[in-house]
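Shown next, in structure tokens, is the structure this report addresses.
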Amino acid sequence: MNIRRRKKLTRRLIEAVFREDAAAVRALLRAGAEPGAPDRAGTTPLYQACVHGSTEAARVLLAAGAAPDAESGRGQEGTPLCAASIWGHDDVVRLLLAHGADPNLREDQGTGWAPLDYALQYDQPATAELLTAAGARPTRQPVPRAPEAG
């Protein structure tokens with residue numbers, strides 16, 4: 001497959017994941033899209049699914065070979081498990097852990113935050129409980145956040 005076609009398939013795959021269209025994700029994978037290939041910004045399809053809490057798209061991508069611990073972006077994104085942990089997408093967290101995601105893997109090539117750090121910082125107690133049960137340990141203390149204006 002030529003580079004231009006590969007890039008087009010990757011862009012369409014990211015778009016399908018963003019729309020949470022698991023049928024389109026399956027079709028694009030059958031057409032030759034690579035489940036772990038990043039787009040021009042470095043975003044991987046699995047990271048996109050995890051940010052949006054799209055459990056079915058994540059399931060399809062993992063079954064097709066997407067790496068559960070692959071970092072996304074170029075310093076401004078991170079790992080799929082960290083993304084799901086920030087937003088409290090517990091079904092996605094369970095799925096990633098079941099596919100071997102490391103609950104203690106820190107972002108930024110090991111220098112950033114780990115999934116449990118994010119769950120604690122962003123007040124996701126159910127997510128923190130899932131991660132702790134999987135063996136996660138915090139690497140940082142949550143930073144006090146200013147109360148939201150109401």
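Each reported figure results from applying straightforward, stated rules to the coordinates on display, with no laboratory input. Keep in mind it's a predicted model, so treat the numbers as computed, not measured. Backbone-built Cβ (ideal geometry, glycine too); neighbour counts: all protein chains shown.
By the count of neighbouring beta-carbon atoms within 10 Å, fewest first, Cys50, Cys82 end up ordered Cys82, Cys50.
Along the charge dipole of region 3-133, pointing to its positive end and built from +1/-1 on Cβ of Lys, Arg, Asp and Glu, which listed residue (Tyr118, Pro103, Gly32) has its Cα farthest out? Going by the Cα projections, it comes out as Gly32.
When the chymotrypsin sites (Phe, Trp or Tyr not before Pro) in region 1-104 are filtered for DSSP coil states and for at most 15 other beta-carbon atoms within 10 Å of their beta-carbon, no site remains. If only the Cβ of Lys and Arg carry +1 and only the Cβ of Asp and Glu carry -1, the dipole of the chain around its Cα centre is close to 880 debye. Checking [x] 1.07; [y] 1.00; [z] 0.94 against the coordinates, the calculated Rg/Rh (Cα atoms, Kirkwood Rh) falls under label [y]. Projecting each Cα onto the charge dipole of region 3-133 (Lys/Arg +1, Asp/Glu -1 at the beta carbon, about the Cα centre), which of Ala128, Val93, Leu61 comes out farthest on the positive side? Value: Leu61.
Calculated mean residue ellipticity, 222 nm, the chain: -14500 deg cm²/dmol, from DSSP H runs (n ≥ 4) at -39500 (n - 2.57) each, averaged per residue and rounded to 500. Sparse packing (at most 12 other Cβ atoms within 10 Å of the Cβ) combined with a DSSP loop state is found for the following trypsin sites (Lys or Arg not before Pro) in region 69-140: Arg74.
Within the listed set Ala31, Ala136, Ala126, the Gaussian network model of the chain (springs between alpha-carbon atoms below 10 Å) gives the highest mean-square fluctuation for Ala31. For region 1-19 versus region 40-114, the inter-centroid distance based on Cα atoms is 19 Å.
Placing a pseudo-label 7 Å from each Cα along the Cα-to-Cβ vector at Asp108 and Ala23 gives an inter-label distance of 4.3 nm. The residues packed around Ser54, meaning those with a beta-carbon under 11 Å from its beta-carbon, carry a net charge of -2 if Lys and Arg are +1 and Asp and Glu are -1. For Ala114, the shell of other residues with beta-carbons less than 12 Å away shows a net charge of -2, using +1 for Lys and Arg and -1 for Asp and Glu.
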